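First up is the structure itself, then whatever we jot down about it.
A short reminder: the numbers here are calculations on the coordinates, not readings from a lab. Only a predicted model underlies this, so the values are computations on that prediction, with no experimental measurement involved. FYI the Cβ positions are ideal-geometry reconstructions off the backbone, even for glycines, and counts take in every protein chain you see.
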Protein chains: 2
Amino acid sequence: MSHPHPELGSPPPLPAHGLRIVALGGLGEIGRNMTVFEYGGRLLIVDCGVLFPEEEQPGIDLILPDFEYVRGRLDDIEAIVLTHAHEDHIGAVPYLLRERGDIPLIGSRLTLALIEAKLVEHRIKPVVRKVVEGDRQSYGPFDCEFLAVNHSIPDALAVAIRTPAGLVLGTGDFKMDQLPMDGRLTDLAGFARLGAEGIDLLMSDSTNAEVPGFVTSERNIGPVIDDVFRTAKERIIVACFASHIHRVQQALDAAVANGRKVCFVGRSMVRNMGVAGDLGYLRVPDGVLVEQRDLESIPAEKLALICTGSQGEPMSALSRMAGRDHQIRITDADTVVLASSLIPGNENAVNRVINGLTRWGARIVHKGNALVHVSGHASAGELLYVLNLTKPGNFMPIHGEWRHLRAHAKLAELTGVPPENIVIAEDGVVVDLVDGQASIVGIVPAGYVYVDGSSVGEITENSLKDRRILGEEGFVSVVVAIDSTSGKVIAGPEIHARGAGIMNEDFNEIIARIEVLLTEQAADGVADVHALRQSLRRTVGKWVSDSYRRRPMIIPVVVEV
Amino acid sequence: MSHPHPELGSPPPLPAHGLRIVALGGLGEIGRNMTVFEYGGRLLIVDCGVLFPEEEQPGIDLILPDFEYVRGRLDDIEAIVLTHAHEDHIGAVPYLLRERGDIPLIGSRLTLALIEAKLVEHRIKPVVRKVVEGDRQSYGPFDCEFLAVNHSIPDALAVAIRTPAGLVLGTGDFKMDQLPMDGRLTDLAGFARLGAEGIDLLMSDSTNAEVPGFVTSERNIGPVIDDVFRTAKERIIVACFASHIHRVQQALDAAVANGRKVCFVGRSMVRNMGVAGDLGYLRVPDGVLVEQRDLESIPAEKLALICTGSQGEPMSALSRMAGRDHQIRITDADTVVLASSLIPGNENAVNRVINGLTRWGARIVHKGNALVHVSGHASAGELLYVLNLTKPGNFMPIHGEWRHLRAHAKLAELTGVPPENIVIAEDGVVVDLVDGQASIVGIVPAGYVYVDGSSVGEITENSLKDRRILGEEGFVSVVVAIDSTSGKVIAGPEIHARGAGIMNEDFNEIIARIEVLLTEQAADGVADVHALRQSLRRTVGKWVSDSYRRRPMIIPVVVEV
């Protein structure tokens, strides 16, 4: 198995008959999926998603792929193919379209409807081209065939890309529910046909490659939710992802069957269910939906809320209910269903919500105690089917952290893909498919680009490093004013500390020390502002370290008067 | 079931024949277990542990129980009973002994040896009184009987406390491994005998009350580890808790059986295994152990490291190996065993370590893919045995978050404890056992006391709030110097920003605005330093919010010259 070496450099020119593949996100991480294909000087992008920040990225709203690799070549981009409408596949589209607004977006009906609804908020009207499974369309030299796949959002697609360099199949995110809610199966027959034709490179979803066996059918959740509805004392609150239309449908069906009205809560839930209802992906009987302002008039035992917040997002309605900071006051007659996965990194937040709700006595149904969630990603058993049906010449695991990529590579090896034809690449690693052989040829920048407030890319790793220090240790600033001609200190020192756990009354000691220092420096005739700043920093830093064994950021300020 | 109401106030005086129970930690949280028993004006403390901080407590080293409740009555304390030597049961002992050094510590041989080794680092020589299971000792009015329990550290004890108010059984942390490594079973016969005598209040470990069934025997891990050792290509690294002597024994046995030398890595691992070896709790054949400095001379296939770092602690050897920041360079011939649980809150850190090690090709064995860990806490099935054998008059679930306490309360109800005799209390809630009835009578302060660096309790919630703002948003400081007589600005504004994502060159705009502001204020004759600070804060804050949609901390400094 090839894998990136630290010595990788810039890639060589792409041979005329070669296909170049560069993932700017999604390899070595779960999120910001974006892959750039290049043939004959033209580019095709598949997916353009965001990554959600972890505690290592404090204060950050979103993380984007670095578009630098395509920035100088925006006009070479034929299209952006969107496999489905999850944020980690479409969330960065608004930011790429800011750089060139008329790149065509290719996707299924629901995918385009959801990205268009999102782009309205960014005041962007995109160029879109709808495709359905079975369609075959060319975008420049890229001859694309679309295949149905089943996932945790309807209308997802895999894409087969044909160029003279060969046939590449990208699965997108998928699983293989054999009794899907909408009857739309992952097109294994199509995978088999392409396998017979000869797939030169398979790029397949690795998210659950470590999980043995098969994903339970989404359909099995319905009866469990129905049972919860039948036995609930009073109000029911179902929290799930705002994009999981089939899950919402099951909650909605259970509400209807048990004579309850339904209220959607949360901006993205309301928006997405509006779109899904309009397009017929969500079936809503007349008179079932109620508005949030009408909740008061409906008896608790006749009501179900379907809301976001299943990941413990602190500002969500659910988190605020758990903390008694919401008009809905949780009691021991309430039932709360967390009908979703627990995304890694959110464990503490979700646990806090469960404990908060439990404190008030609510009954909590979650995937730990009932079958109210199944994954949207194929497990190892399903991945083996795909590998065996497609019989790829080369294999590249995608959509996963290192542990998932390696586990998927192992599965490929077990099905007979020669190890030398398995490419494990990280973000930015350049893979060329030339003469039927995929190989790593170089690396390009593919770092994190941070969105924070209204700015994109202005927050750097250095800003984050500062934030981490400030967040762990706080800061101490020391200000003196000096006479700009004589260099003599004429006011200060004044000390401020925040988050450093130092009391104002403790400053006297260090102020006395600084005054000694200043007197000494004056005697030495030190008038250099830079040197003065340095000694202030050193003196205060040493005092804090000696007295408190802590290391806040020290900010010396010298004002010249 | 009684549970605390927000209207709880200070408790009334304790009736002369009543027993008062106040948990200062461990109820509504996993950690800092500490319970204070009071009878006839005298106090007995059971356990005195720490809680480890989460991301909500940035920069904090440890969280202690608030000793305020006992601070004015230190001389009333008869003893501290330590049920076992885990940090969440003994970690706060050094801090309580700082307040009164001669409080006797009661515990088993290993428990006392480990706390004494720890106290050496704090330069405290405690008063200790060793007990063994079966002992019955009085500490003032508290007649204590000790019973063996099985847990993930040897030599753990439950304690039955008799006073004229009744018989209380506290299980401590326990599980019921029926084939324990050391043959030392949880004393169910003793529990049954006490049940026959009449237990007025059972206080039992709730950690795994939500987990159905029974904990697998620790003994079943041995063969799995042995198999890993037999099939490992070269070096083996086993990471586990430094207190889990039986787990270390199994790794050590596997090393011996497979002809490998063993090196302990990590300060607490080396210290604890030294103590455990000296006392005979760890059996180490001669010539097996090697020192870290001798590692180079041993072939990789003859070596096993046993280290800490199984929770992804960033400074641990294991984390540094994962990041290639350690003399041991991980390769694809290495096998790493994470033979431990994943403590909630550490998911991201552990995932980072697994991905880091996987990136270099190491084989990772963890509880997700092999039976290399079993919990140290009884599951629901075991808890039912204890409830049925002890037949308590009253029940109070301990050691757990709300979800665990409620789940355990539910189990108690199912076994026939009347709901009105089940007390769910949070930290600080005062429970009185009077005339055979346990009831909640009030609440006392039991907040977090933070250890950060060398200070205890100096970091307040306000400091943490500052840290959270600084950590998410950074700060902007603006400094001006004014003439103390005229109030005229004579230097500045000078602007500094850290972590706010604002470039130095962007300051010109705001400096210009501030200069306008200062001129206006001068014209208005505003000379009040406080008012000047306020307008600086407002002006800069508005500029940052308008320009960047961010809210860093704004620090205005006015130096009077």
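Could you tally the net charge around A:Asn369, taking each other residue with its Cβ under 14 Å from the Cβ of A:Asn369, Lys/Arg +1 and Asp/Glu -1?
Numbers: positive: A:Arg363, A:Lys367, B:Arg403, B:Arg406, B:Lys410; negative: A:Asp227, B:Glu210.
Net local charge, A:Asn369 excluded: +3.
HN-Hα J couplings of the range B:362-374 from phi, Karplus 6.51/-1.76/1.60, θ = phi - 60°, integer Hz, Gly and Pro as x?
Listing the rounded values in order: 5, 7, 10, 10, 9, 5, x, 10, 7, 7, 10, 8, 10 Hz.
Sequence gap of 8 or more, or different chains, plus Cα separation below 28 Å: how many lysine pairs satisfy both in chain A?
Lysine pairs meeting both conditions in chain A amount to 16.
Which shape class, rounded, prolate or oblate, goes with the range B:339-456 when its Cα gyration tensor gives a ≥ b ≥ c as root eigenvalues, a/c under 1.5 marks rounded, and past that a/b bigger than b/c marks prolate? It would help to have the intermediate numbers written out before the result.
Values: a/c = 4.09, a/b = 1.66, b/c = 2.47.
It is oblate, given that a/c is not under 1.5 and a/b is not larger than b/c.
On average, how many beta carbons from a partner chain sit within 10 Å of the beta carbon of a residue in B:339-351?
2
Highest mean first, how do B:380-386, A:474-480 rank when packing is the count of other Cβ atoms within 10 Å averaged over residues? Mind showing how you got there, number by number?
Working: B:380-386: 20.3, A:474-480: 24.6.
Descending packing order for the listed peptides: A:474-480, B:380-386.
For Cα pairs less than 8 Å apart in space and 6+ apart in sequence, what is the mean separation divided by the residue count of the range B:254-321, i.e. the relative contact order in percent?
Details: 71 pairs, mean separation 28.6, N = 68.
Computed value for the range B:254-321: 42 percent relative contact order.
Between beta-carbons, use under 10 Å as the cut-off and find the net charge around A:Phe146, counting Lys and Arg +1, Asp and Glu -1.
On the way: positive: A:Arg136; negative: A:Glu133, A:Asp135, A:Glu145, A:Asp187.
Cβ neighbours under 10 Å give a net charge of -3.
Going by the rotation axis that takes chain B to chain A, pick out the residue of B with the closest C-beta and quote the gap in whole Å.
Looking at chain B's Cβ atoms against the axis toward A, the nearest is B:Gly471, 1.
Let me spell out the model: positive unit charges on the Cβ of Lys and Arg, negative unit charges on the Cβ of Asp and Glu, origin at the Cα centre of the range B:247-373. What dipole size does that give, in debye rounded to 20? All intermediate terms of the calculation are to be shown ahead of the outcome.
Values: 15 positive and 12 negative charges, 40 e Å.
Roughly 200 debye for the range B:247-373.
Put the label 7 Å from Cα along Cα→Cβ for B:Gly436; what are its distances to the other copies, in nanometres, shortest first?
Nearest to farthest, the other copies are at 8.8 nm.
Let me have the relative contact order for chain B, percent, based on Cα pairs under 8 Å that are six or more residues apart.
Numbers: 1240 pairs, mean separation 95.5, N = 561.
It rounds to 17 percent for chain B.
For the range B:461-560, build the charge dipole from Cβ charges (+1 Lys, Arg; -1 Asp, Glu) around the Cα centre, then report which of B:Phe475, B:Asn504, B:Ile514 sits farthest towards its positive end.
Positive-most Cα among the choices belongs to B:Phe475.
If you place +1 on the Cβ of every Lys and Arg and -1 on the Cβ of every Asp and Glu, how big does the dipole about the Cα centre of chain B come out, in debye to the nearest 20?
Details: 54 positive and 73 negative charges, 259 e Å.
Value, rounded to 20: 1240 debye.
Could you derive backbone 3J(HN,Hα) for the range A:44-51 from the dihedral phi with the Karplus parameters 6.51, -1.76 and 1.60 (θ = phi - 60°), listing whole Hz in sequence and x where the residue is Gly or Pro?
Karplus-based 3J(HN,Hα) across the range A:44-51 equals 10, 9, 10, 6, 7, x, 10, 10 Hz.
If you take every DSSP beta bridge whose two residues both sit in the range A:461-560, what share of them, in percent to the nearest 5, is antiparallel? List each step's numbers first, then the result.
Working: 7 of 15 bridges.
The answer is about 45 percent antiparallel.
Tell me which residues come under 5 Å, amide H to amide H, from B:Ser108 once H is placed; ignore anything under 5 positions away on its chain.
Distant-sequence amide H within range of B:Ser108: B:Val131.
Using a label point 7 angstrom from Cα along Cα-to-C-beta, what distances in nm, from shortest up, separate A:Arg100 from the other copies?
Values, ascending and in nm: 7.7.
Answer with one residue from A:Pro53, A:Ile63, A:Ala23: the one whose Cα lies farthest towards the positive end of the charge dipole of the range A:1-121, charges on Cβ with Lys, Arg +1 and Asp, Glu -1.
Toward the positive end, the furthest listed residue is A:Ala23.
What are the distances, in nm and sorted shortest first, from the label point of A:Arg73 to the label points of the same position in each other copy, with each label point placed 7 Å from Cα along the Cα-to-Cβ direction?
List, nearest first: 7.6 nm.
Report, in debye and to the nearest 20, how large the dipole of the range B:461-560 comes out about its Cα centre when Lys and Arg carry +1 and Asp and Glu carry -1 on their Cβ. Mind showing how you got there, number by number?
On the way: 13 positive and 15 negative charges, 89 e Å.
For the range B:461-560, the charge dipole is close to 420 debye.
Using amide H atoms built 1.01 Å from N in the peptide plane, name the residues 5+ places from A:Phe174, or on other chains, whose amide H lies under 5 Å from its own.
A:Ala378
Where a ≥ b ≥ c are the square roots of the eigenvalues of the C-alpha gyration tensor, would you call the range A:251-314 rounded, which needs a/c under 1.5, or, failing that, prolate if a/b is larger than b/c, or oblate?
Values: a/c = 1.64, a/b = 1.08, b/c = 1.52.
Since a/c reaches 1.5 but b/c is at least a/b, the shape of the range A:251-314 is classed as oblate.
By how many nm would the segment from B:Ile124 to B:Asp143 grow when fully extended, if each residue of separation counts as 0.36 nm and the alpha-carbon distance is taken off?
Details: separation 19, 0.36 × 19 = 6.84 nm, distance 2.74 nm.
Separation in residues times 0.36 nm, less the Cα-Cα distance, equals 4.1 nm.
Take every residue in peptide A:485-498, count the Cβ atoms of other chains within 10 Å of its Cβ, and give the average of those counts.
On the way: counts 0, 0, 0, 0, 1, 5, 8, 6, 1, 5, 1, 4, 2, 10.
Mean shielding count: 3.
What's the local net charge at A:Gly183, with K and R +1, D and E -1, over the other residues with C-beta under 11 Å away?
With Lys, Arg at +1 and Asp, Glu at -1, the net is 0.
Amide H to amide H under 5 Å from A:Val128: which residues, 5+ apart in sequence or cross-chain, H placed 1.01 Å off N in plane?
A:Leu105
Rounded, prolate or oblate: which one fits the range A:218-365, using the alpha carbon gyration tensor with axes a ≥ b ≥ c (rounded when a/c is under 1.5, else prolate when a/b beats b/c, else oblate)?
Numbers: a/c = 1.43, a/b = 1.22, b/c = 1.17.
It comes out rounded by the Cα gyration axes.
Using each residue's phi in the range A:80-96, evaluate 6.51 cos²θ - 1.76 cosθ + 1.60 at θ = phi - 60° and report the 3J(HN,Hα) Karplus result to the nearest Hz, with x for Gly and Pro.
Running phi through 6.51 cos²θ - 1.76 cosθ + 1.60 with θ = phi - 60° gives 10, 8, 10, 6, 6, 9, 6, 4, 6, 10, 10, x, 8, 4, x, 6, 6 Hz.
Order of A:Val430, B:Val417 from fewest to most other C-beta atoms within 10 Å? Could the numbers behind the result be given before it?
Working: A:Val430 24, B:Val417 21.
The most exposed by this proxy come first: B:Val417, A:Val430.
Taking Cα pairs under 8 Å and at least six residues apart, what relative contact order does the range B:134-215 come out at, in percent? Mind dumping the intermediate values first?
Working: 136 pairs, mean separation 20.7, N = 82.
Once divided by the residue count of the range B:134-215, the mean separation gives 25 percent.
Please compute the average number of Cβ atoms from other chains found within 10 Å of each residue's Cβ in peptide B:500-510.
On the way: counts 8, 15, 4, 3, 0, 0, 1, 0, 0, 0, 0.
Mean inter-chain Cβ contacts per residue within 10 Å come to 3.
Can you show me the helix-derived [θ] at 222 nm for chain A, built from DSSP H runs with n ≥ 4 at -39,500 (n - 2.57) apiece and divided by the number of residues, rounded to the nearest 500. Don't skip to the end; give the middle numbers.
Numbers: 15 runs with 169 residues, N = 561.
Per the formula, -9000 deg cm²/dmol.
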